[in-house]
Amino acid sequence: MCGVVGMVAQSSVAYHLYDALTILQHRGQDAAGIATTDHRRLNLRRANGLVRNVFRQEDMDTLHGNMGIAHVRYPTAGSQSSEESQPMYVNSPFGICLAHNGNLTNDRDLSKLLYESEQRHINTSSDSEVLLNIFAHELASRGNADTADAFFDTVAAVAEQAVGAYAVVAMIIGKGIIGFRDPHGIRPLCYGKRETRSGRTEFMITSESVALDVLGFEFVADVLPGQAVYISHDGELHVRQCVPRKSYNPCVFEFVYFARRDSVIDGISVHKARLRMGEKLADKVLRLHPDHDIDVIMPIPDTSCTAALPMAHRLDVKYREGLVKNPYIGRTFIMPRQDERAHSVRRKFNTVQLEFQDKNILLVDDSIVRGTTTKQIVQLAREAGARNVYLASAAPPVRYPNVYGIDMPVASEFVAHGQTEEGIARYLGVDWLVYQDLEDLRECALGINDDVNELDCSVFDGRYVTGDVDQTYLDMIERVRNDLAKADVSRGRGMQQLEANNA
Ligand code: PIN
């Protein structure tokens, strides 16, 4: 998963991009990058690590210019090498930089085609480099054209070839910044504007509206599926529907876990969706366990706190934050290797014993993926003296891989893979387990914006909206994306990274 941002300002843009990246940091902690231009040179700093570790004062001093794009990364398909951090750059035509959130499902075919027909060499295993080169090739084929129309035609040609999920910001040196989104609108992208003291307008395009809020931009609109937004370097805004929308299918996992709850994605408040998840989950608990003996509702922080509070109200049970999380340790879920994740759970969570002693605790989590973190937390609850430990998940069982840019690895790693709910409860060590129904989850986010007619729920139902994902493809990503392959690529790097992040 990744976060992207692009900005056209009236003064130096580097510190604004840095601030925006720190706000999007939850979307990826593996690498960060900023590219700016003063219309002549491209200035680029990108490296592995957290935003605060990647950019030193001397790096910031080199990032001149009023226009730039930036990226935070968690790798979904490629390796974790710093060469695959973004923005990525290609020198022709004009000099183009690109930052991508999402994952293409046909990048291997496109890469082959680029080499065979255009002699373009793709030097990394990143689908974002493929996307950049398709964009560059299509723009080059329009001669010297450098108008908004030429850039929009380029996006249309890209959308005809690229399959999968993409929310992109690209910078064309000396020209402007363009943001575009795949025809299903799977990954989020929105834009906003603000006025300078001298009355000139500055624009930002970004993954989540929270970045607009915090930097004082007024939200203008979501970039719609198949749409593009171009802002010229002198601050003129152009919007065009480049290809017809195929559907409006934002990824449900943004609402479950990934996005910050103070973001509004495609007109849907993430916070509101999570509150609803809690209410619906409470209803299901009441249906299945009408005579429950729960003493305490306890979120596994942080994401699930929003759902757990309305659950407690609806069940008329005390809400207690008995698990304390060390905020200085990265999100274990998005640490790439299993050994890194397992190691950090105990360092990350501790218990307030008096909240557990002799009580029946209902733990609430936003989702259960591998189950490894959850299992250890259940164990912690028992060690703290809980009489019974129950578990409720605000999302249904994760059973299918994510191919659209969230690192939900391979089916065989999911705790729900080939398991009944009873089997999962046994493995996790809970007395009973309740999962949200998929239909209820969909209802939590749908019906708020009538324009959004569906959600990408592929990790729960195995239905891939792009229509090209079959077992052969899933087998292939299983080979590429398993933890071992990643560990091989980055051998020896995992613990160093962990230490750098915790520094
Ligand atoms: C954690 C959000 N959330 C917790 C991410 C754990 C799955 N995990 C998905 C639960 S945070 S496991 O507080 O927002 O950082 O099922 O893989 O063990």
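The values are calculated or read from the model by the stated rules, or taken from the named source; none is laboratory data. Note that the structure is a prediction, hence the values are computed from the model and not measured. Counting neighbours? That spans all protein chains shown, and the Cβs are built from the backbone with ideal geometry, glycine included. Each accessible area value is taken on the protein alone, full model and side chains, heavy atoms only, with ligands, DNA and RNA left out. Shrake-Rupley method; radii C 1.70, N 1.55, O 1.52, S 1.80 Å.
Restricting segment 358-398 to residues that are among the hydroxyl-bearing types (Ser, Thr, Tyr) and within 12 Å of the ligand (Cβ to nearest atom), which is nearest to residue 311 (Cα to Cα)?
393
Which one is modelled with the lowest pLDDT, of the residues in segment 311-338 that are away from the ligand (no atom under 12 Å from the Cβ) and among the basic types (Lys, Arg)?
Ranking the candidates gives 337 first.
Restricting the search to segment 310-320, which residues are in contact with a strand residue (DSSP E or B) (Cβ under 9 Å, 6 or more places away or on another chain) and surrounded by 17 or more Cβ atoms within 10 Å (Cβ to Cβ)?
Residues satisfying the conditions are 311, 312, 315, 317, 319, 320.
Could you give every pair whose Cβ atoms fall below 9 Å, whose first residue belongs to segment 1-28 and is modelled with pLDDT under 95 and open to solvent by less than 10 Å² (accessible area, probe 1.4 Å), and whose second residue is part of a loop (DSSP other than H, G, I, E, B) and of a type in the set (D, E, K, R), counting only separations of at least 6 or pairs across chains?
1/187; 1/407
Please work out which one of (1) away from the ligand (no atom under 13 Å from the Cβ); (2) farther than 30 Å from residue 186 by Cβ; (3) open to solvent by 50 Å² or more (accessible area, probe 1.4 Å); (4) of a type in the set (D, E, K, R) is the condition residue 355 fails and give its number.
Residue 355 satisfies all of (1) away from the ligand (no atom under 13 Å from the Cβ); (2) farther than 30 Å from residue 186 by Cβ; (3) open to solvent by 50 Å² or more (accessible area, probe 1.4 Å); (4) of a type in the set (D, E, K, R) except (3).
Where in segment 187-241 are there strands (runs of 3 or more DSSP E), lying fully within it, with 2 or more residues that are charged (D, E, K, R) and within 27 Å of residue 25 (Cβ to Cβ)?
190-195, 218-222
Based on what the data block shows, is residue 256 buried (at least 24 other Cβ atoms within 10 Å of the Cβ), among the aliphatic types (A, V, I, L, M) and touching a Leu at 6+ places or on another chain (Cβ under 7 Å)?
It is false that residue 256 is buried (at least 24 other Cβ atoms within 10 Å of the Cβ), among the aliphatic types (A, V, I, L, M) and touching a Leu at 6+ places or on another chain (Cβ under 7 Å).
Looking only at residues that are within 26 Å of residue 305 (Cα to Cα) and of a type outside the set (D, E, K, R) in segment 402-422, which one is farthest from the ligand (Cβ to nearest atom)?
Per the criteria, the residue is 405.
For segment 453-477, enumerate the residues that are touching a residue at least 12 places away in the same chain (Cβ under 8 Å) and under 26 Å from residue 365 (Cα atoms).
454, 455, 456, 457, 458, 459, 460, 461, 462, 464
Please name all residue pairs, on different chains or six or more residues apart, with Cβ atoms under 8 Å, provided the first residue is in segment 300-312 and is over 19 Å from residue 27 (Cβ atoms) and the second residue is at pLDDT below 95 and more than 6 Å from the ligand (Cβ to nearest atom).
Sorted first by the residue in segment 300-312, then by its partner, the list stays empty.
Got at least one residue in segment 436-449 being in contact with a strand residue (DSSP E or B) (Cβ under 7 Å, 6 or more places away or on another chain) and surrounded by 23 or more Cβ atoms within 10 Å (Cβ to Cβ)?
Scanning segment 436-449 turns up at least one residue that is in contact with a strand residue (DSSP E or B) (Cβ under 7 Å, 6 or more places away or on another chain) and surrounded by 23 or more Cβ atoms within 10 Å (Cβ to Cβ).
Give the number of residues within segment 29-47 that are surrounded by fewer than 24 Cβ atoms within 10 Å (Cβ to Cβ) and either at pLDDT 95 or above or farther than 27 Å from residue 254 by Cβ (or both).
Of the residues in that region, 9 qualify.
Test of understanding: among 272, 284, 246, 280, which residue is touching a residue at least 24 places away in the same chain (Cβ under 8 Å), farther than 25 Å from residue 71 by Cβ and in a loop (DSSP other than H, G, I, E, B)?
246 is the lone residue from the list that is touching a residue at least 24 places away in the same chain (Cβ under 8 Å), farther than 25 Å from residue 71 by Cβ and in a loop (DSSP other than H, G, I, E, B).
For the list (1) away from the ligand (no atom under 16 Å from the Cβ); (2) closer than 20 Å to residue 445 by Cβ; (3) charged (D, E, K, R), I need the number of the one condition that residue 295 fails.
Residue 295 satisfies all of (1) away from the ligand (no atom under 16 Å from the Cβ); (2) closer than 20 Å to residue 445 by Cβ; (3) charged (D, E, K, R) except (2).
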